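Asker: Before anything else, here's the structure in question.
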Amino acid sequence: MSLAVLLIPIALLLTFYRLVLDGDKPVSVDAAPVFQQAQQAGLFPVLVPQGLGDDWHATTATFRRAENGATLRIGYVDPDKDPIQLIESNVPSDVLLPAELSKDAKPIGQVRSEAGVWRLYDARPGEKALVMADQSRTVVLVGKTGSDNLEALADTLR
């Protein structure tokens, strides 16, 4: 009986947290000011997702400059609740890709979107990545998700 006195309030609090306060929903941030900051810096052309569904959540957003270049990072939670990171950078790709995907990452195919042609990589264990590189910047989509969610995000980049 004394255990029930403890468990009932805990169950009620958890139910309130999950149902009323959306406790299971990922924390969302507004990435628009960070995209704008990267665009205003003018260091590389910035791709911005257009028309992502309500089931995508931006959870982190940063733009940082370093000696070897600048990097924009936006973290997302996809509709399957898996993490995906969008990385746009003018750091040389021979430096950026081993750091973001691992030195052992291997290209395994290609994907086309409106933004261009992407290389599909088998990255760290359990991770897939799409990479698009040109002279001015490298764009990386990497996450522990299926390539279909990576392609869905790539299709929205303009």
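The values are calculated or read from the model by the stated rules, or taken from the named source; none is laboratory data. Keep in mind that what you see is a predicted model, and the values were worked out from it rather than measured. Neighbour counts run over all protein chains shown; Cβ positions are idealised from the backbone, glycine included.
Asker: Which count do you get for residues in region 123-144 that are under 16 Å from the mean Cα position of the chain (by Cα) and part of a strand (DSSP E or B)?
Answerer: 11
Asker: Consider residue 100 carefully, then state whether it is assigned to a strand (DSSP E or B), of a type in the set (Asp, Glu) and either closer than 19 Å to residue 144 by Cβ or at pLDDT 95 or above (or both).
Answerer: Answer is no for this residue.
Asker: Might you check whether a residue that is modelled with pLDDT of 95 or more and surrounded by 14 or more Cβ atoms within 10 Å (Cβ to Cβ) occurs anywhere in region 13-27?
Answerer: no
Asker: Just to be sure I understand, how many residues within region 116-134 are in contact (Cβ under 8 Å) with a residue 24 or more places away in the chain, farther than 11 Å from residue 145 by Cα and among the aliphatic types (A, V, I, L, M)?
Answerer: So the count comes out to 4.
Asker: Of all the residues that make up region 54-90, how many are surrounded by 21 or more Cβ atoms within 10 Å (Cβ to Cβ) and either over 21 Å from residue 30 (Cβ atoms) or acidic (Asp, Glu) (or both)?
Answerer: Going through region 54-90 one residue at a time, the tally reaches 3.
Asker: Identify, please: which residue in region 124-150 is of a type in the set (Gly, Ala, Ser) and within 23 Å of residue 63 (Cα to Cα) and is, among those, surrounded by the fewest Cβ atoms within 10 Å (Cβ to Cβ)?
Answerer: Among those that are of a type in the set (Gly, Ala, Ser) and within 23 Å of residue 63 (Cα to Cα), it is 136.
Asker: Could I ask something else about it? Return the only residue of 51, 42 being in contact with a helix residue (DSSP H, G or I) (Cβ under 7 Å, 6 or more places away or on another chain), exposed (fewer than 15 other Cβ atoms within 10 Å of the Cβ), under 23 Å from residue 32 (Cβ atoms) and not basic (Lys, Arg).
Answerer: 51
This table checks each residue for (1) in contact with a Ser or Thr (Cβ under 8 Å, 6 or more places away or on another chain); (2) touching a residue at least 40 places away in the same chain (Cβ under 8 Å); (3) closer than 14 Å to residue 148 by Cα; (4) not in a strand (DSSP E or B).
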{"site": "47", "(1), (2), (3), (4)": "no, yes, no, yes"}
{"site": "54", "(1), (2), (3), (4)": "no, no, no, yes"}
{"site": "70", "(1), (2), (3), (4)": "yes, no, no, no"}
{"site": "104", "(1), (2), (3), (4)": "no, no, no, yes"}
